[in-house]
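None of the figures in this text is laboratory data; all of them are computed from the coordinates on show. Given the structure is predicted, the values throughout are model-derived calculations rather than measurements. Positions of Cβ are backbone-derived with ideal geometry, glycine not excepted, and every protein chain shown enters the neighbour counts.
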Amino acid sequence: MAQTPQTISGRVVDDKNQPLPGVTVLVKSTTNGTSTGVDGTFSLTITTENPVLALSYIGYKSQEVPVNGRSQIEVTLAGDQQALKEVVVVGYGTQQKKDLTGAIATVSGQDVTKVPVSGFDQALQGQVAGLQISSSSGAPGGNTNILIRGVGSASSGTSNEPLFVIDGFPVSGSGVGNPLNTINPNDIESIDVLKDASATAIYGSRGSNGVIIVTTKRGKANKSQVGLDVYAGYQEVAKRIDMMNAQEFALFTIDARNNGYLDNVPTGKITDPNSVRPTNFRIPTALLDPASLGEGTDWQDAIFRKARIQSYQVSASGGSDNVRYSVSAGYFDQEGIILNTGLKRYSFRANVDAKASKRLNVGISLLPSYTTQTDLPYSGHYGSLGIIQSALAQPPNVPVYNPDGSYGTTVPTPEPQAVSVQNAVKIANEYKSPSSQFRLLGNTYAEYAILSDLKFRATIGADLNYSRNEVWNPSTLSTAAATGPASAFARRFESINLLNENTLTYQRTFGRHAINFVGGFTAQRETSDVIAITANGFTDDLVPNINGGIITGGVNGGTVPGATGFTQPNSIQEYTILSILARANYVFNEKYLLTATVRRDGSSRFGEDNLWGTFPSASVGWRVSDEAFMKSQRVVNDLKLRASYGLTGNNNIGNYRAIGQLGGSNYILGDALALGQVRTSIANSKLGWETTKQLDLGLDLSLFDSRISLTADVYDRRNTNMLLTVQVAGVTGIGPNGITNPTALVNLGEVQNKGLELALTTRNLVGDFKWTTNSNITFNRNEVLALQSDRDQIFGANTNVTQVGQPIGMFFGRRQLGIFQSDDEARAYRTLPTQAAPNQPAARAGDVKWKDVNNDGVVNDNDREIIGNPNPKYFFGFNNSFAYKAFSLDVLTNGMVGFDIYNSSFFLNNSGVQNGAKYVYDNRWISPSQPGDGRFGRSIRGGVNNNGQYSSQYLFDGSYLRIRTVTLAYTVPREVAQRIGLQGARIFATGANLYTFTKYIGYDPEVSNGSGSQGGDNQLAPRTDFGTYPISRSYTAGVSVSF
Amino acid sequence: MKKTFLGLAVLTLGLSSCKDFLTVVPKTERTTANFYNTAADFNTALVGAYSTFKHAGLYGSGAGSLIWLGEVSTDNTDYGFPRTGSSVNQFQIEDLTYQVGNDLFRDAWLGHYQGISRTNAVLDRLPAVSFDDALKSQYEGEARFLRAMFYFNLVRLFGPVQLSTTEINDPFAGNTLGRAPVNEVYTLIENDLIVAENILPTTITAANAGRASKWAAKALLGKVYLTQKKYGLAADKLKEIIDANVNSLMPNYADVFLSTTTFANNREVMLAAQYKGGQISQGGGFYTQWTPFSALSPDFGFTNGAGDGVNRPTPNLIAAYPAGDVRKTVSIALSYTSTTGTTVNEPYPTKFLQKGIIRGESDVEFPILRYADVLLMYAEAVNEQSGPNAAALDAVNRIIRRSRNLPVNTPNATVDLAASTSTATLRTRLELERRLELAFESQRWFDLVRTDRFVDVMKAQGKAAQPFHVLYPIPQRETTLNPNLGQNTGY
């Protein structure tokens, strides 16, 4: 029965009486509806009898309101904490979650602060499907590897890291350590992870690895708050390697020297004294009597400590309708679990928004911070003072301190046959590597409403970085002699990244058509200038910096342990990027969604023949749950199907790579140093970006009044025209002296990542006792589809290979078949019946047996094959929150399953030179009746079979499940808080990295290539463990109060 | 509106035009586009080409590929280092169990082609620029000399090799280029050296010590002829050097290799790789890294580390020195005193000894061409061409007299070879004299291969030498990249 049309208007507010824009207001059982405006108001013409309004809004509980003849209705929607936030930050704007057609995941600031760490990147681990984060170093401020939907680029010079956009400013990694350390996690309002092409194409040539948008907290009108957030606690090493004690080491060494002697000197006898043996097979005097040695020194005890961690932040926010502010000051202090290491950060934030006039809004975001770090050479060979390897390799019969108080050491070796390792505690005490960074990230904006629907916004921003680091390697830390000349290194770095963005936004709803358009023009220029200087030739240690020695330029940086990567004293780098961008969103009838974006980027990094690239994307969405046929059921309360396809680029090729460059190669003429120059790169005027083509099909589903919410995405991401560093033939003669693999950068090849991401939130219990589970799991398959040729093998660190038909960075080496149990078995190991000699002529009982891959009757370099996969089959996060009244308990777990790690640490070698793991002692081959575990052969130094070959012997399954954090919190009831003058208070205790379930034999399965003091991120040689800084377990307690 | 946008960008970033904004030129690197204009540029480029001598594939700082491939692969030396995963490549050389993936072959290949590319860059661009003609000539001569030397090493190490005479700027060009026959490579080498010997300077001033002279070019050309068994040409060319009387033997053998012997006084060394200590990345390790592995001794006289046992003299070499040969005591120490005072019987080379330095920071030059070699090559060429004559015997006798601390130019009936010496006797004696005179100078392998003696000599030492061992394998890196290269027989 029809009724006279009646117009009703109303306003929707949240429980804090703030207007809610974008609330869907629908007349129940009809398709008649609208949504609220910016001020929360709506108006609707109704023809239905006894109308009931159905109001729904993501993040809030849906409500049905009978009109009851009213013409003016005020509705308060109760917040629904379990649902995702209503507004999602997308590139150059925001969008309502329900209208999204791209794959974007949001993490709230609250979730970021659940993990007590220095940088938010570490806190994101396990929180987002498709986001794979590994800590490559447990050092305070250590690096993380961040991958969105797998490794896209097989080029070692190319970063696979996503683009970070902080308060609208696309930043680049620069400075010291991990650049994300400069942001205080407590300042973060939300983090949005843009994954598919629909979401990232607006970032054009920088979008192909995904985009992470960080938004810091801003003030809200009429809501003043002063807060104090404090936590403190301590950390300890999460795991120790069980090493041999002094007696075991001596027995092991004696065994190894005897075996080596018999192997190399056929006439030798085990009873032969040192005097008749070659030096390599002599038994060190100190180890001649194992029984007298006992336990000896636990060097891990010596270098690891209980370390403090503390964080303080005061913040204030609030404002009026005209001016809103949010400011904070923070102090973070994390000691490292290795002696004398740590990080301190002083951070500030000032975000101000003001209504300058009726049409003009202006604002600023300022994020200054000052970070200091004290480092040591963590990973790397003990010969370069790598402290982990120094501690593990040092024979346990050596004391940390001698009775006279001096440091115990094996430097210089008392005998030619002994190992020479510097005292790790001495390294920690005497090696100095301080660094500091000042960073100011500032972005200002002015937004002018030309019309009510049309806004012009201009931003000017700058990211300023000043950093310095120094290394002092005193004469006392020689690894070869009692003293060696000291060396020093100093570096000063400055970068200025300037950005101007100008966008026009048009937003309008015409009846059932809603349109949102953004168009713009941006320009960005980054200049960096680094001076890195090395000094050697110190005659004393009186001046512990470069001024005390002879300045030898930056070319020598590598000679100072820990100061690598600088090839010239001064390097000025500059790059520019110029862009035009546009995005249009169109929504029909609130159900049919369409988004199209395009960006055109010009970059100075590309060759002059290929300066500009265009990156379009399109996506569609269908809100199935809003269809009439879904209205009658009560199971599904939200269902949206999404599909997107688009192109994005990767411009991470470094600067000037299209230009043919020369580099220094000096020589001596006339007994004096003469400047020489040689060609170090080939000019390539066609060099351009890498293009990623990505298809994404997604589903957002909520069931049973949002008790169950699922987001599922399948994707196929293909990187084409890869910025591939191809090997060039030696005859091209490219490169400086010492380059062992001359290369050139070209656009070539293709890599595919395809996968499935599932994110599931279930509200298992919703009564007084609440239990919510947030879980996500990602299955990614990586495959190289094309390289320069199908035969190509790109080697990373000699341990990994990248080739067509396989994932990037597969482990490559000989395959261990087992251990020969007898000399006869070794002699009988022949592939061909006709061959004269065994496959491994030098092998004896207890030696490693390798596969003759090419079946030619000889085991050699040609018998290397793919022996393992560093890429996980899947990774996941499984996070549970429990709440009962004022108490809450959060348990975050995450893990990776089905990947291998190559452990090249000395503690697994069998030579009895450096100290080794107890596991090797217990599980090595001793005799046929004590065959060990079949992996580790006999202990032997200088064995002719060369058991230490790179082979599957040192490859381990890295699968793990980690209890990331457990947080117990008590929220002081509001009445109690108010009685003591507080708005609110929360007390909490957190345990982080409490336990890791894994069979992996090293410190932690979350290793990456451990090159450099911060851990490396070479995706061509991932998951090679060479003693990175171990992760810590921490126990912290804190309080958050607001006034 | 676009103008507004541009206006803002002009203000903030100094944007003038899109093209200008996107054109960014390196500020701390020279580029191939702005270099190679002046005489100074070409000199700098040539210094870069000379610096190839210090490539790990040539002499490096004391343990480059040519040390291994020239000495350790022969009966002269072995490697006094533990057989571990890190010494696999080196022991393949000692054991004659060469694998195609051995880094030492790769380095040798890469190093020599880098040198060739550096000389090609100079030779390509010299005609287009104008500066002082004499200087231009000298630079062309030096570039041709160096290119010839690099190709000469390559063709002897690997046989047929890729022939590139211009700078390669296509990253893929090298992946299809096949190997040129040995005679074509030699044609290029001879042509370059014939040009070079005519335009290189007759004398090198001390300020230019290390640069190639006319005489170095002639010596190298003589060696090129000799290697191809063009004995007549070789004898004539080498005789030009002897007759010119510019170069001469140092009276005292030890002085040839001393850091204290000035360039002006050392008329024997005709070309050497230049080293200088002081931690400027130019030091040599020919002495310090060749001392016994990991051993410390007050005898060694250097700081900051121990030796690596590179080029450890074999008992066979030690025994080869006749009694009274001063070259033995100059070249080899038979033992050292350990830090605890005991005597350790481990031999090590002392030919390039310099005490009082930091490990790897020696000033001693490493001789590549010297007059003693010229005399011995001359005798060899004459002997093979027509049998011994007085001049040939005199050349050898000068070497022998010096080795006994006798006046070089005074005939001595006791040690001199008799005028009646037969071709075969002289041939055998030359093999020994070259071995003892040039020990540790990376000549032995080339000498044995040139005289077709490698397999026999090595078999006599119990090594499993095979006929194909007279060439090393083409590095696997290159054959993988370029299927047209093929591989040498036996690998």
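Taking every residue in B:204-212 and counting other chain Cβ atoms within 10 Å of its Cβ, the average works out to 3.
Karplus-derived 3J(HN,Hα) values for segment A:902-910, using 6.51 cos²θ - 1.76 cosθ + 1.60 with θ = phi - 60°, are 9, 9, 9, 5, 4, 5, 9, 7, 9 Hz; glycine and proline are entered as x. Taking amide H as placed 1.01 Å from N in the peptide plane, B:Tyr275 has its amide H under 5 Å from the amide H of B:Glu365, B:Phe366, each at least 5 places away in sequence or on another chain.
For B:Thr489 and B:Thr428, the FRET efficiency from 1/(1 + (r/R0)^6), where r spans their Cβ atoms and R0 equals 41 Å, is about 0.90.
Our helix-only sum for chain B, with -39,500 (n - 2.57) per DSSP H run of n ≥ 4 divided by its residues, gives a mean residue ellipticity at 222 nm of -13500 deg cm²/dmol. Seen against the Cα atoms of chain B and their longest principal axis, helix B:103-125 is set at about 60 degrees. On a straight-distance basis, which lysines could pair with A:Lys358 in a cross-link, Cα separation under 17 angstrom, same-chain partners fewer than 8 positions away excluded? In chain and number order, the partners are A:Lys455. Taking a straight Cα-Cα cut-off under 18 Å and skipping sequence neighbours fewer than 8 places away in the same chain, the aspartates and glutamates within cross-link reach of B:Lys54 are A:Asp671, B:Glu71, B:Asp103, B:Asp107, B:Glu142, B:Glu361, B:Asp363, B:Glu365, B:Glu441.
Label sites at B:Ala173 and B:Asp255, each approximated as a point 7 angstrom past Cα along Cα to Cβ, lie 4.9 nm apart. Taking Cβ atoms as reference points and 9 Å as the exclusive limit, the residues near B:Asp373 contribute a net charge of +1, counting Lys and Arg as +1 and Asp and Glu as -1.
Starting with the fewest neighbours, write out B:His469, A:His513, B:His112 ranked by other beta-carbon atoms found within 10 Å of each beta-carbon. Don't jump to the answer; show the numbers that get you there.
Values: B:His469 21, A:His513 11, B:His112 30.
Taking fewest neighbouring Cβ atoms as first place, the list is A:His513, B:His469, B:His112.
Dimensions of the protein assembly as shown along the principal axes, based on C-alpha atoms and rounded to the nearest Å, stand at 138, 80, 69, largest first.
Before rounding to the nearest 500, sum -39500 (n - 2.57) across all DSSP H runs of length at least 4 in chain A and divide by the residue total; then give [θ] at 222 nm in deg cm²/dmol. Let's see the in-between values first.
Values: 10 runs with 68 residues, N = 1043.
Theoretical 222 nm ellipticity from helices: -1500 deg cm²/dmol.
Distances between placed amide hydrogens fall under 5 Å for A:Ser190 paired with A:Gly109, A:Thr215, all partners being 5 or more residues away or on another chain.
Using the Karplus relation 6.51 cos²θ - 1.76 cosθ + 1.60 with θ = phi - 60°, the per-residue 3J(HN,Hα) values for segment B:72-83 come to 5, 6, 10, 7, 6, 9, 9, 10, x, 9, x, 7 Hz, with x marking Gly and Pro.
Distance between the modelled labels on B:Asn183 and A:Ala886, one decimal in nanometres: 10.1 nm (7 Å Cα→Cβ projection). Under a cut-off of 29 Å between alpha-carbon atoms, report the lysines in cross-link reach of A:Lys918, not counting same-chain residues fewer than 8 places apart. Within the straight-line cut-off, A:Lys918 pairs with A:Lys239, A:Lys269, A:Lys306, A:Lys426, A:Lys849, A:Lys851, A:Lys999.
Mean 1/r over all different Cα pairs, inverted: what Kirkwood radius does segment A:6-77 give, in Å? Value: 11.9 Å, from the Cα pair sum.
Taking the C-alpha atoms only, the angle from helix B:214-227 to the longest principal axis of chain B is near 70 degrees. Please give the helix A:246-264 orientation as an angle from the longest Cα principal axis of chain A, in degrees from 0 to 90, rounded to the nearest 10. Helix A:246-264 and the main axis of chain A meet at about 60 degrees. Near A:Val636, once Lys and Arg are set to +1 and Asp and Glu to -1 for all other residues with Cβ below 15 Å from its Cβ, the sum equals +2.
Label positions at A:Ala482 and A:Tyr586, each projected 7 Å from the Cα along the C-beta direction, are separated by 8.5 nm.
Enter the Cα centre distance for the pair segment A:292-331 and segment A:794-862, rounded to the nearest angstrom. Cα centroid of segment A:292-331 versus Cα centroid of segment A:794-862: 49 Å apart.
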